Amino acid sequence: MDIKKVVAVMAVKTNPKDKVGNARITGNGGLFSLDNTPEKEVEFYSETDFEDPKRKNFEDLIRELLSGSYKPEQNVTIHFLTEYK
């Protein structure tokens, strides 16, 4: 894979069926709310999420994720997104 073409990393967590719809407490900036557990949770990371040098640090994350030593959390899949042309 050419990591220079990756514009974002997407992490998708699929929650177990017995947990979907159950109430959970979520925090946001010191505020808490009660939410239902969704079937899927998605997070995106791009170079704008990193400190300078942004692109280098983003590519370092990609290299780490591609290394054999990285093991994602259970029920989490990692996707590398490229620009669609």
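Which residues, counting only those in segment 15-39, are under 30 Å from Tyr84 (Cα atoms), touching a Ser or Thr at 6+ places or on another chain (Cβ under 8 Å) and open to solvent by less than 80 Å² (accessible area, probe 1.4 Å)?
Once the filter is applied, which keeps residues that are under 30 Å from Tyr84 (Cα atoms), touching a Ser or Thr at 6+ places or on another chain (Cβ under 8 Å) and open to solvent by less than 80 Å² (accessible area, probe 1.4 Å), segment 15-39 yields only Asn15.
Quick check: anything in segment 33-48 in contact with a Lys or Arg (Cβ under 7 Å, 6 or more places away or on another chain) and hydrophobic (A, V, I, L, M, F, W, C)?
no
Hey, can you tell me all the residues within segment 69-85 that are farther than 17 Å from Lys40 by Cα and either surrounded by 13 or more Cβ atoms within 10 Å (Cβ to Cβ) or touching a strand residue (DSSP E or B) at 6+ places or on another chain (Cβ under 9 Å) (or both)?
Tyr70, Phe80, Leu81, Thr82, Glu83
Hey, among the residues in segment 40-68 that are charged (D, E, K, R) and in contact with a Phe, Trp or Tyr (Cβ under 8 Å, 6 or more places away or on another chain), which one's least open to solvent (accessible area, probe 1.4 Å)?
Glu47
The values are calculated or read from the model by the stated rules, or taken from the named source; none is laboratory data. Given the structure is predicted, the values throughout are model-derived calculations rather than measurements. Note: ideal-geometry Cβ built from the backbone for every residue, glycine included; neighbour counts use all protein chains shown. Heads up: the accessible areas ignore ligands, DNA and RNA and are worked out on the full protein's heavy atoms, side chains in. Shrake-Rupley method; radii C 1.70, N 1.55, O 1.52, S 1.80 Å.
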